[in-house]
Amino acid sequence: SVDADGVVTATSFSGNMSSSSLQTAEKMTISSSNADADALTISTSAGGMDITAGGNAALEDLDITATGAATEIRLTSESTENDAIALTASAGGITAKVPDGKDLTLGNTAGDAYFKVAAAGGAGDEDVRIVNTNGTASAAIELTATAGGVLVDGAAGKDCLLYKSDAA
């Protein structure tokens, strides 16, 4: 039905639809049964896009889930700003996890400077790496504690080595 102000009320839609304002006091679901790779697209041709979850109770979260075994979640930005993609938690923490046998890597696009957590089911295969393969600065990898110490601790019977390698 359409009221005097032009507001459409329906229990379902079929086919293409568009609106300058979709609002309801009821639960709203937007879905598609189309099998195309871009079965559901939300886009703007100009301007930005905001998604807000305003709840403050348990389970009132913003959940983005990919359920297929080969379905990835990708955040991509063409911005040239230092914060082209920013993950910010104003009052809580940020957690990143991967299953055993997979890597968590933060690094540059060339893959020659990175921080990697290589998770593994066996203790002998698990490691953490800080790598800079091309840096030639005197602080190509720098560990700094401005108010506290730096502790390097290896397991009993294992070596803990810090050395300078000079190729002659």
Open item on the list: Can you go through I85, I73 and tell me which one is without any contact (Cβ under 8 Å) to a residue 12 or more places away in the chain, exposed (fewer than 10 other Cβ atoms within 10 Å of the Cβ) and under 30 Å from E142 (Cα atoms)?
Closed with: I85
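Residue-by-condition table, conditions (1) modelled with pLDDT of 90 or more; (2) over 30 Å from A123 (Cα atoms); (3) among the hydroxyl-bearing types (S, T, Y):
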{"site": "K27", "(1), (2), (3)": "no, yes, no"}
{"site": "I30", "(1), (2), (3)": "no, yes, no"}
{"site": "T41", "(1), (2), (3)": "no, yes, yes"}
{"site": "R74", "(1), (2), (3)": "yes, yes, no"}
{"site": "D83", "(1), (2), (3)": "yes, yes, no"}
{"site": "S90", "(1), (2), (3)": "yes, yes, yes"}
{"site": "A96", "(1), (2), (3)": "yes, no, no"}
{"site": "D100", "(1), (2), (3)": "yes, no, no"}
- [ ] Please note which strands (runs of 3 or more DSSP E) are completely contained in the stretch 50-168 and include at least 3 residues that are within 30 Å of D38 (Cβ to Cβ).
- [x] 103-107
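Test of understanding: among G48, G121, G68, which residue is open to solvent by less than 80 Å² (accessible area, probe 1.4 Å) and farther than 30 Å from K27 by Cβ? Give the derivation first.
On the way: G48 fails: farther than 30 Å from K27 by Cβ; G68 fails: farther than 30 Å from K27 by Cβ.
Testing whether each residue is open to solvent by less than 80 Å² (accessible area, probe 1.4 Å) and farther than 30 Å from K27 by Cβ leaves just G121.
Restricting the search to the stretch 3-24, which residues are open to solvent by 100 Å² or more (accessible area, probe 1.4 Å) and either of a type outside the set (G, A, S) or at pLDDT below 80 (or both)?
Taking the stretch 3-24 and keeping what is open to solvent by 100 Å² or more (accessible area, probe 1.4 Å), we get 4-5, 11, 13-14, 16-18, 20, 23.
Answer for the stretch 3-24, where residues must be open to solvent by 100 Å² or more (accessible area, probe 1.4 Å) and either of a type outside the set (G, A, S) or at pLDDT below 80 (or both): D5, T11, F13, S14, N16, M17, S18, S20, Q23.
The values are calculated or read from the model by the stated rules, or taken from the named source; none is laboratory data. All of these numbers come straight from a predicted model, not from anything done at the bench. Quick reminder, even Gly has a Cβ in these numbers, built from the backbone with ideal geometry, and neighbours come from all protein chains shown. Areas reflect the complete protein model, heavy atoms only, side chains present, ligands, DNA and RNA absent. Shrake-Rupley method; radii C 1.70, N 1.55, O 1.52, S 1.80 Å.
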